[in-house]
């Protein structure tokens, strides 16, 4: 799946797609989703919400930028059984799409949750080594400052197998939340899901797109901005950030690309009564 934004090409490479998002969005029941008339492309045959885990690759001239690196293989991820010790062909799929790891010069992590950092590393002879050896990995400074102080076992496991090894290899740049990544590519501060969460804004030849990160997990949240998202670290701030994002991009030509949106994955945000819809 590809989109063209001016001179910038954006390619989706998917690791996983599956129904069932109520562990994140408890109000996203089949009955509630059925009340959203345009939701069809984003639910399964039974009407359940479908989510995707994928990377988005930006080609900017000779630059090759990967936004978020999914779950990864061989990682200890219980109780998430579908994520635990995976053996997926993601790297092969990435190469087949034209992006072997050695071609990538930049990785952007919208935040440091488990399903956005996994392929930063791979397991070789019982050691976690960097996957993208020619890339600088950009992490928003407040994001790292927050998670590096967390001491719970889950966070320490994720940082230990997917983040610390790239720090140890000298491949990480801590950047500000509005940093420019490349010509026409800039981070946009969207805190609340995590303290240093960022979206990615893309502009070229008068055309624009924005990659949401986990600001929004499923398009149903455009129709129901007030639905609880259990993964938000600061729910009140996340709610304000989501609503500001929707107001900012609604009824504009900006292509909204969802980091976890299945189906068409992208569309234009349109005001729809007191809320919004995503027109694919």
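A few points about this structure:
- When 101, 142 are checked against the criterion of being crowded, with 16+ Cβ neighbours inside 10 Å, over 18 Å from the mean Cα position of the chain (by Cα) and modelled with pLDDT of 95 or more, 101 stands alone in meeting it.
- Segments classed as helices (runs of 4 or more DSSP H), wholly inside segment 147-252, with at least 1 members that are surrounded by 21 or more Cβ atoms within 10 Å (Cβ to Cβ) and within 16 Å of the chain's Cα centre (by Cα): 153-162, 220-223, 235-249
- All conditions in (1) under 16 Å from the mean Cα position of the chain (by Cα); (2) under 19 Å from residue 12 (Cα atoms) hold for residue 112, with the sole exception of (2).
- Tally, over segment 98-131, of residues that are touching a helix residue (DSSP H, G or I) at 6+ places or on another chain (Cβ under 6 Å), closer than 17 Å to residue 160 by Cα and in a loop (DSSP other than H, G, I, E, B): 5
- Among the residues of segment 119-137, those that are free of Cβ contacts under 8 Å to residues at least 60 places away in the same chain and within 16 Å of residue 86 (Cα to Cα) comprise 120, 121, 122, 123, 124, 126, 128.
- Members of segment 8-37 found to be touching a strand residue (DSSP E or B) at 6+ places or on another chain (Cβ under 8 Å), free of Cβ contacts under 8 Å to residues at least 60 places away in the same chain and either part of a strand (DSSP E or B) or more than 23 Å from residue 80 (Cα to Cα) (or both), listed by number: 9, 19
- When residues of segment 45-55 are limited to those that are surrounded by 15 or more Cβ atoms within 10 Å (Cβ to Cβ) and in contact (Cβ under 8 Å) with a residue 24 or more places away in the chain, the one farthest from residue 219 (Cα to Cα): 55
Here is a yes/no grid of residues against (1) crowded, with 22+ Cβ neighbours inside 10 Å; (2) within 26 Å of residue 20 (Cβ to Cβ); (3) out of contact with any helix residue (DSSP H, G or I) (no Cβ under 9 Å at 6 or more places or on another chain):
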| residue | (1), (2), (3) |
| --- | --- |
| 41 | no, yes, yes |
| 71 | yes, yes, no |
| 75 | yes, yes, no |
| 88 | no, yes, yes |
| 96 | no, no, yes |
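- In this structure, residue 79 does not qualify as part of a loop (DSSP other than H, G, I, E, B) and over 29 Å from residue 128 (Cα atoms).
- Taking the criterion of being closer than 16 Å to residue 194 by Cα and touching a helix residue (DSSP H, G or I) at 6+ places or on another chain (Cβ under 9 Å), the residues of segment 238-252 that qualify are 238, 241, 242, 245.
- Candidate set from segment 108-122 (those that are closer than 18 Å to residue 88 by Cβ and in contact with a strand residue (DSSP E or B) (Cβ under 6 Å, 6 or more places away or on another chain)); member that is surrounded by the most Cβ atoms within 10 Å (Cβ to Cβ): 121
- For segment 253-275, the tally of residues that are assigned to a strand (DSSP E or B) and either closer than 27 Å to residue 70 by Cβ or at pLDDT below 95 (or both) stands at 8.
- Of all the residues in segment 50-76, those that are part of a strand (DSSP E or B) and in contact with a strand residue (DSSP E or B) (Cβ under 6 Å, 6 or more places away or on another chain) number 14.
- Check on residue 192, touching a residue at least 60 places away in the same chain (Cβ under 8 Å), farther than 22 Å from residue 77 by Cβ and touching a helix residue (DSSP H, G or I) at 6+ places or on another chain (Cβ under 6 Å): no
- Number of positions in segment 175-189 that are farther than 12 Å from residue 142 by Cβ and without any contact (Cβ under 8 Å) to a residue 40 or more places away in the chain: 3
The values are calculated or read from the model by the stated rules, or taken from the named source; none is laboratory data. Only a predicted model underlies this, so the values are computations on that prediction, with no experimental measurement involved. So basically every Cβ, Gly included, is an ideal-geometry build from the backbone, and we count neighbours across all protein chains shown.
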